[in-house]
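Structure first, commentary second.
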Amino acid sequence: NAGVTQTPKFRVLKTGQSMTLLCAQDMNHEYMYWYRQDPGMGLRLIHYSVGEGTTAKGEVPDGYNVSRLKKQNFLLGLESAAPSQTSVYFCASRTHLSTEAFFGQGTRLTVV
Amino acid sequence: AQSVTQPDIHITVSEGASLELRCNYSYGATPYLFWYVQSPGQGLQLLLKYFSGDTLVQGIKGFEAEFKRSQSSFNLRKPSVHWSDAAEYFCAVGAGDYKLSFGAGTTVTVRA
């Protein structure tokens with residue numbers, strides 16, 4: 001079972017560059033989330049989606065955009081990367097029938 | 001909004017000894033509570049969860065947690081730690097909306 005797959009796993013960006021992180025889930029889950037993990041701060045919610053075509057802001061949305069054009073995919077975009085966005089990014093998904101979330105393996109992003 | 005506090009940043013325990021990780025939450029109603037484990041370079045794996053009912057919850061890998069409403073706590077315990085339990089542990093709280101809030105995490109080191 002693939003579960004939640006994140007692409008890429010590692011990336012180094014220069015300040016000002018743009019990129020898109022892809023999250024794909026094969027469990028037909030309605031809800032999808034993007035978190036960032038920073039030392040000593042746990043996971044903080046960036047954006048989330050409760051269904052295809054819908055997105056909402058989380059705790060730390062500034063500098064990020066998202067799209068959910070297909071139910072199985074949730075894209076996180078950085079239009080102009082900043083060093084403060086150096087972090088490990090996790091995608092998660094869950095069904096609307098359960099509060100248990102399934103996580104991807106993470107994307108380690110470094111902005112120099 | 002809900003929040004989670006994990007008071008211990010780092011705990012070192014001898015193999016075979018018992019382990020207790022503390023978690024305190026803030027939420028106005030009965031929350032959904034979770035413990036996740038993250039091994040180095042990996043995603044998050046659910047250890048156990050509490051929704052309602054019996055306040056002592058059993059999870060995978062020999063872990064258990066006890067929900068204490070009067071103390072707003074959900075502490076994680078394991079009677080005898082194995083070297084493979086060295087990891088970072090996150091407590092999380094979910095509410096009536098769609099989002100999970102995570103604590104900052106506790107890193108567990110197991111010494112031989």
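What follows is calculated from the coordinates using simple rules that are stated; it is not laboratory data. Source: prediction; values computed, not measured. Using ideal geometry, Cβ is built from the backbone for each residue, glycine included, and neighbour counts are taken over all protein chains shown.
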* **Value in Å of the Kirkwood radius, where the protein assembly as shown supplies the Cα pairs that are averaged** => 18.0 Å
* **Residues whose placed amide H lies under 5 Å from that of B:Asp8, excluding near-sequence neighbours** => B:Arg22
* Structure fact -> Under Stokes-Einstein, region A:19-112 at 37 °C and 0.692 mPa s, with its Kirkwood radius over C-alpha pairs, diffuses with a coefficient in µm²/s of 248 µm²/s
* Asked: Averaged over peptide A:37-45, how many Cβ atoms belonging to another chain are found within 10 Å of each residue's Cβ?
  -> 5
* When each of A:Lys57/B:Lys68; A:Lys71/B:Lys78; A:Lys70/B:Lys78; A:Lys70/B:Lys99; A:Lys9/B:Lys49; A:Lys9/A:Lys70 is checked by Cα-Cα distance, pairs over 30 Å -> A:Lys57/B:Lys68; A:Lys71/B:Lys78; A:Lys70/B:Lys78
* **Local net charge near A:Ser67, Cβ-Cβ under 14 Å (Lys/Arg +1, Asp/Glu -1)** => +2
* Structure fact -> At q = 0.11, 0.14, 0.21 Å⁻¹, the log10 of I(q)/I(0) for chain B from a Debye sum over equal Cα scatterers comes to -0.32, -0.51, -1.13
* **Fewest-first sequence of B:Trp35, B:Trp83 by Cβ atoms within 10 Å of each Cβ** => B:Trp83, B:Trp35
* Comparing B:Gly16, B:Gly94, B:Gly43, which has the greatest mean-square fluctuation in the GNM of chain B with Cα pairs linked when under 10 Å apart? -> B:Gly43
* Before anything else, pin down the relative contact order of chain A: Cα pairs under 8 Å, at least 6 apart, normalised by residue count, whole percent. => 36 percent
* Structure fact -> Fewest to most Cβ atoms within 10 Å: B:Asp8, A:Asp26, A:Asp62 sort as A:Asp62, A:Asp26, B:Asp8
* Structure fact -> By Cβ neighbour count within 10 Å, fewest first, A:Met32, A:Met19 rank A:Met19, A:Met32
* Asked: Measuring from centroid to centroid over Cα atoms, what is the spacing of region A:67-112 and region B:1-56 in Å?
  -> 22 Å
